[in-house]
Each structure stands twice: as C-alpha cells, then as structure tokens.
Amino acid sequence: MSGPTPASAPAASPLPPAAPSAPTDSPAVAPAVPVDAPTPLNDSSTPDASSVAPISPAVTATPAVPVSPAVTAAPAVPVSPAVTSTPAAPVSPAAGRDGAGVAGARLPQVRASSSGPAPTRITRPADALAELIAGNRRFVSGRPEHGHDVSAAATASGGQLPHAVVVGCIDSRVPLEAIFDQTFGSICVIRSGGHVVDRAVLGSVGFAVSALKVPLIMVLGHVRCGAVDATVSALRTGSRPDGDVGYLVDEIAPAVRGVGLDDPDVTAKAMRAHVARTVRRLRDVTGVPELVAAGSVSIAGAVYDLDTGWVDLLT
Ligand SMILES: [Zn+2]
C-alpha cells in the first residue's frame, strides 16, 4: 500500500480512495478506431492475428531459441497433432508438481521442452540470500542483468527452479523481481498490503519450500508503507477501517503497539518490527521448522528504501 511520496504532501488518508473512473461519455475513452471502420483483420487473405498463435514445426524443433519478431510474424502454419498432443516436459520433479502452471503458460511460439538449457538451481540458503542482495546491488547500480521480455519468459517456460520466496507489500513502487534483478523462474513472489500474512500466504510459503524446494524465505518491508501508516492512524484515532481492510490494520497493530504511539518515529520502527514479527510467524509454516533445523531453509527480513532502491537486511 502506498503512502504519500513527497514528504511535503498532505497526510494521506489511511485508505485513499480509488482513482475515479473516467466518465463513459468522455472523449478520452472514446474508441481510437470508429466502430464502423474497416479492419484489416477482417480481410480473409490475412491470417487472424487475434487467434491463438500456431506453432511452427521449425520453432518447436529448436525450443531454446528465443522468439524473434520474424518468427512471431510468420504466416500461420497448422499445428500438427503430434506437436499439440505432446505436453511440455518438466525439467525437475519440482517443476512437475507445478506442471499445471507450466503447461498453461501463454508462450505458444516457443514450446517448453526438457531439451532446453536447464536453469541452475541455488540450493544453499546463504547462496540464495547472496544472490538476492547481489541482484539488488545490480539494480541500484543501474546495471541489471535481467530483462523481462518474452525471450526471458520462454527460456524459463520449461520448468522452474526458484531459489527464494519473497513476501512483500503490494505497494506499486516495490516490484520484487525488478528490485532484486531476478528473471523468470528465479523467485516466487507473494504480496499483500503491508505484507500481512493470512492462511493463503502461509500455504503459499509452505508450497514454495516443500514442493518447489526454495532454500530462502524473505520478508521485505519498505519505508513509508501506507499500511503501517494506516494502522498508526487507526490506533491514534480509534477509527478502525471496516471489513477486510480492517484485517490489515489488526495484523499490523501489534507491531505499532510494541513501538508505542508516542514514539516520534513510530511508523518506521513499527514497519521494522512488523517485518520481524512476520519472519517469526513464517517460521511456523508447516514443514519449515524441520527444514530450518536441517539448514535447508533460512528466513530473512529486510527493508527496501523507496528513494535509493537499496535493500537492507534486518539482523
Ligand atoms: Zn507498503
């Protein structure tokens, strides 16, 4: 959840209203093309670009090659029954357990195959943490290694070997793959307002460590978190938001109370306390205590700085 960006901006309400929708009769939302205008796609001599892109046998025979504009623009070639009846082969047992998502990936131009380059798995928690921090430093330096184009997606489409599950806030200024410079298949991402944990989050973390074998769980808070701000305001005014939004406040409130509303830096301190509290809670996810005791999984807390892009580990 977003807090006010400029320090000089008026204090945001705990729960800013959604942006108003444009009036339906506004010129701004008028169709760019008149509805009665002819469209080239209706021309029977032109392949229908809106249909599912067929698979070229030449492309499926070389799945490791990223999709090129020339390939995607190629005329339609009928898909052979042999190709369509062959499911994407997972590259690992972990990928197989998540096979539904892999097979359903919308990247038909380059079909997943076990013959493609297998991604390298990071198995040690310390190495996974080092990679996330190194990725953040690449991001901060303006020299990220990973783009997020379709060729990167296709490269990873045959299976996933993620090395971390990151639980972060929904704040639109904190896109986790970008700030850790991670590519497709590298990290599992769970986001909620103020990284509040509910049963779905706990189950997702459990799935990541048990089925996908991630060695690292990271909880990432961020400065000027609107959810923490909202909680501080709610406790100060005694006005708790109704319903589901109130649930977020209820879950963050213990951290705020622990710091104390009289503390002049309550929002920043409460955010860090809430990260630490979330880390402790994730230690109880089914199966995690045993994996932590065995040294197979570790859990880390960290804070992201909106202004510098820097991720600081909490100790
Ligand atoms: Zn936030």
Computing the accessible area with a 1.4 Å probe over protein heavy atoms, can you report the carbon and sulfur percentage for segment 125-314?
53 percent
Tell me the label-point distance for the pair TYR247, ILE133, using the 7 Å Cα-to-Cβ offset, in nm and rounded to one decimal.
3.5 nm
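If r is the Cβ-Cβ distance from GLU290 to ASP312 and R0 is 22 Å, what FRET efficiency results, to the nearest 0.05?
The computed FRET efficiency comes out at 0.15.
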For segment 121-176 and segment 219-262, write down the distance between their C-alpha centroids in whole Å.
29 Å
Volume per residue, Å³, of the convex hull around the alpha-carbon atoms of segment 125-314?
118 Å³
Candidate residues ARG173, ARG281, ARG199: accessible-area rank, largest first, probe 1.4 Å:
ARG199, ARG281, ARG173
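The values are calculated or read from the model by the stated rules, or taken from the named source; none is laboratory data. It should be emphasised that the depicted structure is a prediction, and the values quoted were computed from it without experimental measurement. When we count neighbours, we look across all protein chains shown, and the Cβ atoms used for this are built from the backbone with ideal geometry, even at glycine. Quick note on the areas: whole protein, heavy atoms, side chains included, nothing else; ligands and nucleic acids left out. Shrake-Rupley method; radii C 1.70, N 1.55, O 1.52, S 1.80 Å.
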